[in-house]
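The values are calculated or read from the model by the stated rules, or taken from the named source; none is laboratory data. Since the structure is predicted, the reported quantities are computational estimates derived from the model, not experimental observations. A quick note on method: Cβ atoms are made from the backbone with ideal geometry, for glycine too, and the neighbour counts reach across all protein chains shown.
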Amino acid sequence: MKIVVTGGAGFIGSHLVDRLVAEGYEVVVVDNLSSGRREYVNKAAELHIRDLKDPDWGVGIRGDVVFHFAANPEVRLSTTEPVVHFNENILATFHVLEWARHTGVRTVVFASSSTVYGDAEVIPTPEEEPYKPISVYGAAKAAGEVMCGAYARLYGMRCLAVRYANIVGPRLRHGVIYDFIMKLKRNPNVLEVLGDGTQRKSYLYIKDAVDATLAAWRKLEELNEPFLALNVGNVDAVRVLDIAQIVAEVMGLKPEIKLVPATPDGRGWPGDVKYMTLSITKLMRLTGWKPTMTSVEAVRKTAEDLARELWEPTRP
């Protein structure tokens, strides 16, 4: 089986490629290297440097299954530059689906997000909750899911939408843990925390996320359903203020914490979901998968991973 991974030089995509190669699949990586890195691409995979915003990106590329993980992951950017997310998250997904339709791809796995739920009324949030995104990023992911479902039902392919919580681990180059480490590199005495610090969300370590993704994909292949959406997250959550303290501790620092709320209710930025914990009951029931780390353990392990990658401490 040949598997195409878009965004395979990025964070989740490169870890997924490593696993697929280890399991013996023939893997093709497509990435424009705008945020992904060539050195993250497994040497056993075939790399094509292409831009999915180009409708002809897929010329000469074939696969049985595509994991569409290419996207702009910056939720904050979608507030100020929505056109970026339209082009890189909606238009690019349309071009992938058109390529899949014309080349006979049998299954599309789409990297979606917990942000499709917005400020969910039910926490932990099950898959049955309606789309209510409060960011353009979340809206783009919801649009991608809807398009995937329509293509699956209309053109005879299958589509799995994987709604990720915060996925963390080595190679991560966005999000709060990375942000804190970079801030402390610049100024080890003060750590600015966007929001009031009470934001509480789930975090899942990358190995658990890849395990869950492959388990969900294999379950879809067994089912006679054109479209399936599954949450991939953790059973618990952690506050942003606690993450700041964990990162500072890992780096051996004791900075002054400066809280900077951007909205009256203490969000980090307009469009930021303040509380997020996904229900993963359906995924666990269907596949038997379950997380091996808590959110706090995943955050601490990632802080250690990124500190090794990004920061050289002066302490013994």
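Can you tell me which of (1) surrounded by 18 or more Cβ atoms within 10 Å (Cβ to Cβ); (2) of a type outside the set (D, E); (3) within 17 Å of K141 (Cβ to Cβ) is the one F94 doesn't meet?
(1)
Go through region 281-308 and count every residue that is outside any helix (DSSP H, G or I) and basic (K, R).
The number of residues fulfilling the criteria is 1.
This table checks each residue for (1) within 19 Å of S35 (Cβ to Cβ); (2) out of contact with any Gly (no Cβ under 8 Å at 6 or more places or on another chain).
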position	(1), (2)
A161	no, no
V168	yes, no
Y178	yes, yes
V190	no, yes
Q199	no, no
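What residue, among those in region 9-60 that are small (G, A, S) and more than 18 Å from the chain's Cα centre (by Cα), is surrounded by the fewest Cβ atoms within 10 Å (Cβ to Cβ)?
Here the answer is G60.
Say whether the condition of being in contact with a strand residue (DSSP E or B) (Cβ under 7 Å, 6 or more places away or on another chain), β-branched (V, I, T), within 21 Å of E98 (Cβ to Cβ) and not in a helix (DSSP H, G or I) is met by at least one residue in region 20-28.
Yes.
If you scan region 257-284, which residues turn out to be within 19 Å of Y164 (Cα to Cα), at pLDDT 95 or above and out of contact with any strand residue (DSSP E or B) (no Cβ under 9 Å at 6 or more places or on another chain)?
M284 - this is the single residue of region 257-284 that is within 19 Å of Y164 (Cα to Cα), at pLDDT 95 or above and out of contact with any strand residue (DSSP E or B) (no Cβ under 9 Å at 6 or more places or on another chain).
Out of R285, R267, R308, which single residue is buried (at least 16 other Cβ atoms within 10 Å of the Cβ), out of contact with any Ser or Thr (no Cβ under 9 Å at 6 or more places or on another chain) and not acidic (D, E)?
When all the criteria are applied, what remains is R267.
Within region 69-91, identify whether any single residue is more than 30 Å from K274 (Cα to Cα), surrounded by 15 or more Cβ atoms within 10 Å (Cβ to Cβ) and in contact (Cβ under 8 Å) with a residue 40 or more places away in the chain, and answer yes or no.
No; the residues of region 69-91 include none that is more than 30 Å from K274 (Cα to Cα), surrounded by 15 or more Cβ atoms within 10 Å (Cβ to Cβ) and in contact (Cβ under 8 Å) with a residue 40 or more places away in the chain.
Among A22, A45, which is touching a helix residue (DSSP H, G or I) at 6+ places or on another chain (Cβ under 8 Å), on the phi < 0 side of the Ramachandran plot and modelled with pLDDT of 95 or more?
A45
Just a yes or no: is a residue in region 225-232 among the aromatic types (F, W, Y) and within 29 Å of T80 (Cα to Cα)?
Within region 225-232 (the criterion being among the aromatic types (F, W, Y) and within 29 Å of T80 (Cα to Cα)), the answer is no, since none of the residues qualifies.
Taking helices (runs of 4 or more DSSP H) that do not extend beyond region 65-125, which have at least 1 residues that are of a type in the set (D, E, K, R)?
Of the helices (runs of 4 or more DSSP H) lying wholly inside region 65-125, those with at least 1 residues that are of a type in the set (D, E, K, R) span 75-80, 92-103.
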